[in-house]
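Q: Below you'll find the structure I mean.
Each reported figure results from applying straightforward, stated rules to the coordinates on display, with no laboratory input. Just so it is clear, the model here is predicted, and its values are computed rather than measured. Every residue, glycine among them, receives a Cβ derived from its backbone with ideal geometry; neighbour counts consider all protein chains shown.
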Ligand SMILES: [Fe+2]
Ligand SMILES: [Fe+2]
């Protein structure tokens, strides 16, 4: 054999590194005759080989070709870098640590055997050895390594599949929630004074405010889009005569009306689903005012959840730009003036600034019928 080419592959068909028809073994020994003996024994079982006669050469080969190696047969006593050091380097590199190493050595003392195993070798064969013994041990460890790799690949495939399925189920759940919200909203439309168009526009306006808010994510904007339609779901709990009363409310009636916020919250707050819990917050806080003079709790400033502050502005903007039983639609300038006048009292100044900066987009939503 040509011992000048240390990375040569010795297989019956002379195939290269890429061929995986053969399991590939790196033999490291400073005595070339020893390498030849091992190759003669193992080639009967169809292994292909590369070899190195020095520790440093072995490490170079391993670093270059680790993906193709199924086993390393490693002598211990070699000039320069010895087999123990080679093993230590191989086992400390995550890329090569999994490759099984068998020491093949004339060192028979217990300390060397102990050291060999403690460095991570899977086996330790002492010279002289029987051909059958070498073959059996090499076969065992290459097969174990193959089985381990197959198992790892299967695990990986399984994990990917589980993750995909988990994601699919989650999005199905989320779609179910969205569907449920719009169904409830439709029900509300038939029992309260809210119209379907108002609800849809508030949803769009709220999502737009969330979208431009620097502290909120795309995810927040989607949550607000799908949770805001429920802002007045609590009106379903208010008696018909009060809800549809033509004139002004008495104080008692107004108090009863105000309860649509906390009634809805009590209904929705138990859910740990993100859309439902966002809807609970919005229903509870969309009548709170920045200056603390809103209801039901008189929360002030940033104590009001940002979702609540957003829907408060969207709700009023849409109510003013459209006609109701008791009032005509205001024109856009009148509405803008109202919002400016209530900047920092009724509304969060940061949201008013966003609203004014993107007024065109909000006005376009107001025109949706
Ligand atoms: Fe309301
Ligand atoms: Fe509303």
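Q: Using a Gaussian network model on the chain with a 10 Å cutoff between Cα atoms, which of 196, 294, 67 fluctuates the most?
A: Comparing 196, 294, 67 in the GNM, the peak value goes to 67.
Q: So if each residue of separation counts as 0.36 nm, and I subtract the Cα-Cα distance between residue 330 and residue 151, what length gain in nm does that give?
A: 57.5 nm
Q: Here is a follow-up. Just 167, 274, 115 to compare: in a GNM of the chain, with alpha carbon springs under 10 Å, which one fluctuates most?
A: Among 167, 274, 115, the largest mean-square fluctuation in the Gaussian network model of the chain belongs to 115.
Q: Could you state the orientation-averaged shadow area of the convex hull built on the Cα atoms of region 192-366, in nm² to one decimal? Intermediate values should be presented prior to the final figure.
A: On the way: hull surface 37.7 nm².
Mean projected area of the Cα convex hull: 9.4 nm².
Q: Tell me the mean residue ellipticity at 222 nm calculated for the chain from its helices only (DSSP H runs of n ≥ 4, each -39500 (n - 2.57), averaged over every residue, nearest 500).
A: -18000 deg cm²/dmol
Q: Considering the chain as a Gaussian network with a 10 Å cut-off on Cα pairs, which listed residue, 181, 310, 113, attains the greatest mean-square fluctuation?
A: Maximum fluctuation in the GNM of the chain, among the listed residues, is at 113.
Q: With r defined as the distance between the Cβ atoms of residue 218 and residue 195 and R0 fixed at 22 Å, what FRET efficiency is calculated, to the nearest 0.05? Please report the intermediate quantities before stating the final value.
A: Details: r = 28 Å, r/R0 = 1.30.
Working from the Cβ atoms, E equals 0.15.
Q: Quick check on the exposure proxy: order 73, 313, 356 from fewest to most C-beta atoms within 10 angstrom.
A: Details: 73 28, 313 25, 356 13.
In increasing order of surrounding Cβ atoms, one gets 356, 313, 73.
Q: Quick check: pseudo-label points 7 Å beyond the Cα along Cα→Cβ at residue 108 and residue 136, how many nm apart are they?
A: It works out to 1.8 nm between the two label points.
Q: Sticking with this one: How large is log10 I(q)/I(0) at q = 0.20, 0.22 Å⁻¹ when the Debye formula is applied to the Cα atoms of region 24-159, each weighted equally and without solvent?
A: -1.22, -1.49
Q: May I ask for the angle, rounded to the nearest 10°, between helix 274-285 and the longest principal axis of the chain, with both axes built from Cα atoms and the value confined to 0 to 90°?
A: Compared with the principal axis, the helix lies near 30 degrees.
Q: Oh, and also: Within a 10 angstrom radius of the beta carbon, how do 285, 132, 189 rank from fewest other beta carbons to most?
A: Going from sparsest to densest Cβ surroundings: 132, 189, 285.
Q: Per q in 0.23, 0.26 Å⁻¹, report the Debye log10 I(q)/I(0) for region 173-242, using one uniform scatterer on each alpha carbon and no solvent.
A: For the requested q values the scattering log ratios are -0.97, -1.10.
Q: Related question: Using a/c under 1.5 as the rounded threshold, could you call the chain rounded, prolate or oblate? The axes a ≥ b ≥ c are square roots of the C-alpha gyration tensor eigenvalues, and prolate needs a/b larger than b/c, oblate otherwise.
A: Here the chain falls in the prolate category.
Q: Could you check the simple spin-label distance between residue 368 and residue 127, using points 7 Å along Cα→Cβ, in nm with one decimal?
A: Taking the two extended label points, one gets 8.2 nm.
Q: Right, here's the next one. Could you grab the relative contact order for the chain? Cα pairs under 8 Å, six or more apart, rounded to a whole percent.
A: On the way: 514 pairs, mean separation 35.1, N = 369.
Relative CO of the chain lands at 10 percent.
Q: Next up: Shape verdict for region 219-278, please, from the Cα gyration tensor: rounded (a/c under 1.5), prolate (a/b greater than b/c) or oblate.
A: In terms of gyration-tensor shape, prolate.
Q: At residue 356 and residue 245, where each label point lies 7 Å from the Cα along Cα→Cβ, what is the point-to-point distance in nanometres?
A: It works out to 3.7 nm between the two label points.
Q: Using the number of other C-beta atoms within 10 angstrom as an exposure proxy, rank 123, 315 with the fewest first.
A: So the residues, fewest neighbours to most, are 123, 315.
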